[in-house]
1. I'd like to verify a number: residues in region 85-130 that are in contact with a helix residue (DSSP H, G or I) (Cβ under 8 Å, 6 or more places away or on another chain), surrounded by 15 or more Cβ atoms within 10 Å (Cβ to Cβ) and assigned to a loop (DSSP other than H, G, I, E, B), how many?
2. Within region 1-38, which residues are within 20 Å of residue 125 (Cα to Cα) and surrounded by fewer than 10 Cβ atoms within 10 Å (Cβ to Cβ)?
3. Kindly indicate the residue of region 39-73 that is without any contact (Cβ under 8 Å) to a residue 12 or more places away in the chain and within 18 Å of the chain's Cα centre (by Cα) and also surrounded by the fewest Cβ atoms within 10 Å (Cβ to Cβ) among those meeting that condition.
């Protein structure tokens with residue numbers, strides 16, 4: 001009989017300890033601050049970790065058009081348009097498009113690049129109203145974004161839909177060289 005009461009006491013005390021933890025966590029959710037009270041998100045960016053895999057950064061100046069990133073992509077979301085360069089050897093990149101409706105941010109496209117022109121950025125917000133806004137052609141985005149010096153944002157993507165020519169062609173002088181010569 002004593003064994004039976006001990007077993008009942010152990011069972012009841014175990015359940016009460018579990019309920020104490022459950023109620024403590026449940027009521028803690030009402031004591032903590034809301035996300036918008038901690039981070040002022042639209043005005044200030046949310047801090048991300050150093051190895052966060054956000055939207056890609058692409059350096060158009062170093063890309064050689066080898067298509068190793070497109071081959072390594074498991075979901076085939078990278079499309080490269082290139083043609084043989086009339087000046088010297090190599091290719092002219094006419095389009096480097098990533099379809100973010102397909103991309104799963106696995107970073108498998110970053111590793112095989114021999115010149116390290118594509119890497120994962122820290123931007124996590126590319127809000128748009130249509131699927132067309134999720135298809136980004138890095139050869140047609142504004143210069144600062146295309147060169148990987150500025151973050152990818154919905155405004156830059158919308159501006160790139162208006163442009164029809166590549167912003168820079170390998171073998172031509174850099175637009176930043178003109179800016180440094182003027183000053």
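Only the coordinates and a few stated rules stand behind these numbers; no lab work does. The model shown is predicted, which means the values in this text are computed figures rather than measured ones. Note that each Cβ is placed from the backbone with ideal geometry, even for glycine, and that neighbours are counted across all protein chains shown.
1. Qualifying residue count, region 85-130: 6.
2. Going residue by residue through region 1-38, those that are within 20 Å of residue 125 (Cα to Cα) are 34-38.
If the condition is that a residue be within 20 Å of residue 125 (Cα to Cα) and surrounded by fewer than 10 Cβ atoms within 10 Å (Cβ to Cβ), then 34, 35, 36, 37 are the ones that fit.
3. Selected residue: 50.
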